Amino acid sequence: MAGAPLTPGSTIGILGGGQLGRMLAVAAIQLGYRVIGYGPAGDNVAASSCDEFIEKGWGEKDALADFASRCDVVTWEFENVPLTAVEAIPEIMLAPHPRALAIAQDRLSEKRFVEDLGARCAPYSRVESDDDFTRAVESVGAPGILKTARDGYDGKGQWRIPTLHEAQGIRFPGRPCIYEGMVGFETEFSVILVRGKDGEVRFWDSSANTHDGGMLVHSVLPAGDLVESQVDEARKIAAQTAEKLKYVGVLTLEFFATKQGPIFNEMAPRVHNSGHWTIEGAATSQFENHIRAIAGLPLGGTATRFASVDMRNIVGNDALSAHRILGEAGEPHLHLYGKREAHEGRKMGHVTRVSHDVGRDLP
Ligand code: AMP
């Protein structure tokens, strides 16, 4: 995948059909590329933003090969794309390199990877049986969280264990897990970077993030003094991660800001929900810079353009009345993803508010 930048009219392939794919496709099309999406049948909201969307399963090797043969570069918007599907695509066409996916798909391997780079993690233990779980709770203690090692997202595949006593009522879920000690954090923040093919790395400002039931609901900038005092250390880990993986594209690492310093939680080898604010709030959005990076174009500036930025997710049925937001003060920027069903806990859209005033009380 070395060589000259992709010329206008070239084709970018995106694995996965969710909202991240939709926003990536919009950015790619704006830069003059064609986009072909690929993903299993379902509510593929990226499809309407792609020139073409192939609804085929991850196991359909011929369809994947045909998809790849019509693309110039292939990326993903969804980190749980099975590696076997990614392996059906010539490695030279993939950006980022699939090694990033292999590491980030497994909570144990991503923690070991960043620990090797000197990052702190919450105490954790691998759990592959009821006995492992008992031992893990004894050694790590409670409160804690049992998480499936693979395929979890937005708080799914997680069980909170408030006390040792309550651990007795929980059975091993039958899939490899890790048990993690609960971190008493002050706030959470993410480091989002883009790395170009030439190795240049740029960071966006870090937002302070709030989760509810394991799902991101709110990101805000400025992130506050504690986060700002820990961002350099967290960026160093993120940059080393990107360098070691020879990463190309947008990479996200999530941290807990604690009194003892930043504690790594997890990484996402893709654009991230906590970076949606960059569409209106930064010189270049995470989506555009991901496309620029994988296409070999110069990276865009990542500076924040406003004194304060606030991004809130629109979840479940709230989407049905989301247009009322447009009537609110402060020029809210509404993004609805066009999902057909608004079930509880499903991310349906987001709204970003920007202001030139620091500390303005954004709703
Ligand atoms: P994850 O899927 O690991 O990103 O977890 C989702 C969210 O659950 C995090 O962003 C936190 O809000 C919360 N969480 C996960 N792990 C921990 C932990 N070890 N300690 C405290 N909160 C956690």
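The values are calculated or read from the model by the stated rules, or taken from the named source; none is laboratory data. Given the structure is predicted, the values throughout are model-derived calculations rather than measurements. Cβ sites come from the backbone with ideal geometry, for glycine too, and all protein chains shown count toward neighbours. SASA here: full protein model, heavy atoms, side chains in, ligands and nucleic acids out. Shrake-Rupley method; radii C 1.70, N 1.55, O 1.52, S 1.80 Å.
Observations on the structure shown:
- Evaluated at q = 0.06, 0.07, 0.09 Å⁻¹: base-10 log I(q)/I(0), Debye formula over Cα of the chain: -0.22, -0.30, -0.50
- Taken as Cα centroids, segment 252-328 and segment 184-234 sit 9 Å apart, rounded to the nearest whole angstrom.
- GNM flexibility winner over the chain from Tyr247, Tyr153, Tyr179 (Cα, springs under 10 Å): Tyr153
- The chain, helix-only ellipticity at 222 nm - DSSP H runs n ≥ 4, -39,500 (n - 2.57), divided by all residues, nearest 500: -7000 deg cm²/dmol
- Solvent-accessible surface of the chain, taken per residue with a 1.4 Å probe and all protein chains present: 42 Å².
- Ligands, DNA and RNA excluded, the heavy atoms of Asp151 present near 100 Å² of accessible surface to a 1.4 Å solvent probe.
- Here's how it looks for Val35: its modeled amide H is under 5 Å from those of Ile12, Asp51, Glu52, which are all 5 or more places away or on a different chain.
- Within the chain, the longest run free of exposed loop sites, counting GluC sites (Glu not before Pro) that sit outside DSSP helix and strand states (H, G, I, E, B) and have at most 11 other Cβ atoms within 10 Å, spans 1-199.
- Accessible carbon and sulfur surface of the chain relative to its total accessible area, %, 1.4 Å: 49 percent
- Inverting the pair-averaged 1/r between distinct Cα atoms of segment 220-311 gives 14.1 Å as its Kirkwood hydrodynamic radius.
- Put His350, His343, His356 in order of accessible area, highest first, and with a 1.4 Å probe you get His356, His343, His350.
- Heavy-atom SASA rank of Arg340, Arg99, Arg324 (probe 1.4 Å, accessible area, largest first): Arg340, Arg324, Arg99
- Residue-level accessible surface for Asp51, protein heavy atoms, 1.4 Å, Å²: 80 Å²
- When +1 charges are put on Lys and Arg Cβ atoms and -1 charges on Asp and Glu Cβ atoms, the dipole computed for segment 284-359 relative to its Cα centre reaches about 220 debye.
- Largest-first ordering by accessible area, 1.4 Å probe, given options Lys244, Lys111: Lys244, Lys111
- Accessible area (Å², 1.4 Å probe, nearest 10) - Met23: 20 Å²
- Other residues within the sphere of radius under 9 Å centred on the Cβ of Ile178, judged by their own Cβ, net out at +3 (K and R +1, D and E -1).
- Selection from Leu6, Gly155, Phe264, by position along the positive dipole direction of the chain (Cβ): Leu6
- Lysine-lysine proximity count for the chain, Cα under 25 Å, sequence distance 8 or more or distinct chains: 21
- Positive end of the dipole of the chain (Cβ unit charges, origin at the Cα centre): among Val26, Ser69, Ser219, the Cα lying farthest that way belongs to Ser69.
- Residue-by-residue Karplus 3J(HN,Hα) for segment 236-245, coefficients 6.51, -1.76, 1.60, Hz, glycine and proline x: 4, 5, 5, 5, 5, 4, 5, 5, 5, 8
- Check: the chain dipole with +1 on Lys, Arg Cβ and -1 on Asp, Glu Cβ, in debye: 300 debye
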